[in-house]
Amino acid sequence: MPKLKTWQLTAGSAVAGLALAAGAVAVAGPWDSGQRKAERDLAAVKDRTGGAHHAAPAPDPAEPAPAPSARGVLSALGAPAAPSAQPDRLKEVLAPLLDTAALGALRTASVVDAATGKQLYGRGERDAMTPASTVKIATTVAALSALGPDHRIATTVLAAPDSKRITLKGGGDPTLEKDGLRALAADTARALRDKGADKVSLSYDTTLYTGSEVHPIGAGNENLARVTSLMVNEGRTDGTRSGIGSRTLDPAGDAARSFAAELRALGVQVTGDPASGKAPADAQPVAKTLSAPLSALVERTLTNSDNDIAEALARQTALAAGEEASFAGAGKAVYDRLAALDLPADGLLAGAHFADGSGLDRADRVSAGLLTALLARAADPAHPALRSVLTGLPVAGFSGTLQTRYAGQAAGTGLVRAKTGTLTGVNTLAGTVVTKEGRLLAFAFLAGDTPAPDPAQQALDAMASALTR
């Protein structure tokens, strides 16, 4: 049988993904109830390719030079210990910034030394709050811990013994592209010819996932496709590759119909329309295609705040744990996996709840202390499998959901790497920063009941920038 085609992002491994240039990833991320209209409008007209395949915006002479933070993060992880930040000084600097009215009535914070895990500043750091998309830090840590950075998600074609019936079986890869589907069809057609079969019926199997496909935000939402184990390009219908975008209400059926069309173009007669159904028990694989390595999927999830990949990673964690691949099963699996990480302090998971993998569900609850503990664990030399959690974080002023932020925040530009979180009335920021002494700090700032998104984001950015000084 010919060698099976493997599809992967050009970004490569977690460490290779550190080299980020200005304008690498365009704006993407979750919006809620019409919030962030200006960003939605901007997102709608940009070609955001997602993951490693970035479409850089037109050069802006006002933009800074390429970010220096990749080198800074590496040196901070491996260099001899620099003097640790002083907790009293941090409190003096951060407390007034945290008290700004822009952050609403609910605000918590945690700052830890990533090298030692020692908390340097905290306020309400054990209080579980709605994290919005910063919950993706927990989702990706759990997935990497459960599966390892080299894990790939397979989409498989199985044939019955008589080769008259084939089944396209979804493995949970939302990043499968048209080219990958075309290559899968070519391998399938070749295998069928080898078996002397030129006329088949086609079914598609989505039984790997259980429970509702519809997220609580509802079907047809531009932030997330139906959560199913089979789809092409995250079920997008408008050519976008990340961020908001029109979605099909039948991603699995559309993927199967596209696959049938590819087979027909190769001379295989596919009778009738594809139907949902499991493969016969005695069916055997004849072709498959693989996703990018999990490390690359994690980087794409965090850089672009990709909700579809985040939900897929949560379900992959559930499958690895033997739980049902549903919202509930994934939430339990993520919680259990994080509990097994031997976090530096007891009680960090108290009150934590993972209603989904993306952070779109307002029922999610995590604390600032948990997020900083997970970031510190990702920086721990004893846990190299988690490193892509750090390398996937957007760079302030340069990439992903931080590309257009940090205007006027020169101290943080290029030095802050952080995951953003945005829902109506919720603004969060969690990531790492290299201090001027070369120390790597992990931070998390969570705010609820925020009166307006822009001032809240600017206040969070100012806090992260202050850590660089």
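What follows draws every value from the coordinates through simple rules; no lab data is involved. None of the values given here were measured: they were computed from a predicted structure. Note that each Cβ is placed from the backbone with ideal geometry, even for glycine, and that neighbours are counted across all protein chains shown.
In this simple spin-label model, placing a label point 7 Å from the Cα along the Cα-to-Cβ direction at both residue 250 and residue 178 gives a separation of 2.0 nm.
Computed extension gain for residue 101 through residue 410, at 0.36 nm per residue and net of the alpha carbon distance, reaches 109.0 nm.
Output wanted: per-residue J couplings in Hz (rounded whole) for the stretch 340-353, from phi through Karplus 6.51 cos²θ - 1.76 cosθ + 1.60, θ = phi - 60°, x for Gly and Pro. Karplus-based 3J(HN,Hα) across the stretch 340-353 equals 7, 7, 6, 5, x, 9, 6, x, 5, 8, 4, x, 5, 8 Hz. The label-point distance for residue 266 and residue 452, in a model that sets each label 7 Å from Cα toward Cβ, rounds to 5.6 nm. When a/c is below 1.5 the answer is rounded, else prolate if a/b is larger than b/c, else oblate, so apply that to the stretch 353-469 with a ≥ b ≥ c taken from the square roots of the Cα gyration tensor eigenvalues. Verdict is oblate for the stretch 353-469. Quick check on the stretch 129-270: take the gyration tensor over C-alpha atoms, sort the square-rooted eigenvalues as a ≥ b ≥ c, and tell me if it's rounded (a/c under 1.5), prolate or oblate. Note, shape of the stretch 129-270 comes out prolate.
Here's the list of aspartates and glutamates a cross-link from residue 164 could span, going by alpha-carbon distance under 19 Å and ignoring same-chain residues fewer than 8 apart: 187, 194, 198, 205, 262, 273, 282.
Greater than 28 Å separation of Cα atoms is the criterion. Which listed pairs, 195/278; 136/278; 288/419; 169/199, meet it? Cα-Cα > 28 Å for 136/278; 288/419; rest within. Taking amide H atoms as placed 1.01 Å from N in the peptide plane, list the residues 5 or more away in sequence, or in a different chain, whose amide H sits under 5 Å from that of residue 326. Answer set, sorted by chain and number: 210. Modelled this way, with points 7 Å down the Cα-to-C-beta line, the labels at residue 195 and residue 118 are 6.4 nm from one another.
Distance from the Cα centroid of the stretch 86-160 to that of the stretch 257-326 is 29 Å (rounded to whole angstrom). Which residues in the stretch 425-442 have a backbone N closer than 14 Å to a point placed 7 Å from the Cα of residue 345 along the Cα-to-Cβ line? Output list for this probe position: 442.
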